[in-house]
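The values are calculated or read from the model by the stated rules, or taken from the named source; none is laboratory data. Just so you know, these numbers come straight off a predicted model, no measurement behind them. Cβ placement follows ideal geometry from the backbone for every residue including glycine, while neighbour counts extend to all protein chains displayed. The protein model used for the area step is the full one, side chains on, heavy atoms only, and it has no ligands, DNA or RNA in it. Shrake-Rupley method; radii C 1.70, N 1.55, O 1.52, S 1.80 Å.
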Amino acid sequence: MRAMTCWPVLAFVLFGAAPQRALGQGTDPNAAFANELIVVPLQDHTISALVTHRPGATKFTHAIAIFPGSPGQARLSVENGEIKFGDLRGNFLVRARRHFLEDGFLTVVVDAPSDRQFGLFRHEFRASARYGEDVKGVVEAVTKRYGELDWTFAGHSEGAVSAAHAARMAAPSVKRVVLASALTSGNFQGPGVRLFEVKALTVPVLWVHHRRDPCRATMYSTTKAYAEEMRAPLLTVTGSKNARGDPCEAQSEHGFAGMEVKTVKAILAWIRTGQAPSEISDQ
């Protein structure tokens, strides 16, 4: 049922703050950029998104919708005029989003819906028509504020599940999909990214994976096999710097530690030209 399309998804609430104060995170280099929180009211819940762009920029051509990894709940809010971010600010795509901000680009970190902020954010729900309408609400609200945009949906780790499903349901707005360190094994939330579902997408897909990803749920060999079967490009990353922590967390090779800039720039090249290098390294 698609009854939610009847609700005023464009009647969004926007909270802004001075760029240097916006995130309330003194050590976050993304706080030096312009950050605004959009809250989209829907039938009986809301969905929030954090928009980041260069300070002073007024003309935009491209949007990168970012779907963070586990648990997918960014818990975005505004307190005393400052945007508050939950534990996911260290996620690869979230922490590296400033590197996407070339002329005309903005990023949109998509939070879990308000009624999925606590407990499990299951893959079954991420595949549902309800979630598709939620993400469409974000796209429409950002478009109303910033103009028509060329959209790329990008997900890291478990966020790749959201990105793949949302791209399928938000067509034709989405032009391409980036699946980084994709969760290709099932977990307690659901089955993960399944090849037949990605193959069903009607837009180009770029797989991005570290050759030495240590996380058992996101094995490089599986992603490589998926990309080969789809005949889709695979950007292989080698090398790292200061990798640490849990193998499935964002500061290991799983999160491209030390390779953030090179990885993002390679993704940007693919967005602009449709071509990506097959491999980048720390050399």
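Cβ-Cβ under 6 Å, sequence separation 6+ or interchain: first residue in the stretch 41-69 and on the phi > 0 side of the Ramachandran plot, partner of a type in the set (Gly, Ala, Ser) and in a strand (DSSP E or B). Which pairs?
Listed by first residue and then by second, the contacts come to nothing, as the list is empty.
Yes or no: the stretch 109-121 includes at least one residue that is assigned to a strand (DSSP E or B) and modelled with pLDDT of 95 or more.
Within the stretch 109-121, one or more residues are assigned to a strand (DSSP E or B) and modelled with pLDDT of 95 or more.
With (1) crowded, with 16+ Cβ neighbours inside 10 Å; (2) at pLDDT 95 or above as the list, and Ala276 as the residue in question, which single condition is left unmet?
With respect to (1) crowded, with 16+ Cβ neighbours inside 10 Å; (2) at pLDDT 95 or above, Ala276 is out only on (2).
Report those strands (runs of 3 or more DSSP E) wholly inside the stretch 36-105 carrying at least 2 residues which are hydroxyl-bearing (Ser, Thr, Tyr).
Because the criterion is at least 2 residues that are hydroxyl-bearing (Ser, Thr, Tyr), the strands (runs of 3 or more DSSP E) in the stretch 36-105 that meet it are 46-53.
Out of all the residues in the stretch 172-184, is one or more at pLDDT below 95 and either more than 24 Å from Thr223 (Cβ to Cβ) or surrounded by 24 or more Cβ atoms within 10 Å (Cβ to Cβ) (or both)?
Among the residues of the stretch 172-184, at least one is at pLDDT below 95 and either more than 24 Å from Thr223 (Cβ to Cβ) or surrounded by 24 or more Cβ atoms within 10 Å (Cβ to Cβ) (or both), which makes the answer yes.
Being of a type in the set (Gly, Ala, Ser), within 23 Å of Val161 (Cβ to Cβ) and in contact with a strand residue (DSSP E or B) (Cβ under 9 Å, 6 or more places away or on another chain) is the requirement here; does Ser252 meet it?
yes
Would you please name the residue that is most open to solvent (accessible area, probe 1.4 Å), looking only at residues in the stretch 201-228 that are farther than 23 Å from Arg272 by Cα and in contact with a helix residue (DSSP H, G or I) (Cβ under 8 Å, 6 or more places away or on another chain)?
Arg212
Within the stretch 115-131, count every residue that is within 16 Å of Asp87 (Cα to Cα) and open to solvent by 10 Å² or more (accessible area, probe 1.4 Å).
Residues meeting the conditions: 5.
Among the numbered criteria (1) without any contact (Cβ under 8 Å) to a residue 60 or more places away in the chain; (2) buried (at least 20 other Cβ atoms within 10 Å of the Cβ); (3) part of a strand (DSSP E or B), which single criterion is violated by Thr236?
Unmet condition: (2).
Scanning the stretch 54-69 for residues that are under 15 Å from the mean Cα position of the chain (by Cα) and not aliphatic (A, V, I, L, M), which turns out surrounded by the fewest Cβ atoms within 10 Å (Cβ to Cβ)?
Ranking the candidates gives His62 first.
I'd like to verify a number: residues in the stretch 157-205 that are among the acidic types (Asp, Glu), outside any loop (DSSP other than H, G, I, E, B) and under 20 Å from Val237 (Cα atoms), how many?
Of the residues in that region, 0 qualify.
Could you please give the count of residues in the stretch 250-273 that are surrounded by fewer than 18 Cβ atoms within 10 Å (Cβ to Cβ) and in a loop (DSSP other than H, G, I, E, B)?
Total satisfying the criteria: 1.
Could you grab me the full set of residues in the stretch 70-96 that are touching a residue at least 40 places away in the same chain (Cβ under 8 Å), surrounded by 18 or more Cβ atoms within 10 Å (Cβ to Cβ) and among the small types (Gly, Ala, Ser)?
Ser70, Gly72, Ala96
So how many residues does the stretch 138-166 have that are surrounded by fewer than 21 Cβ atoms within 10 Å (Cβ to Cβ) and in contact with a helix residue (DSSP H, G or I) (Cβ under 9 Å, 6 or more places away or on another chain)?
1
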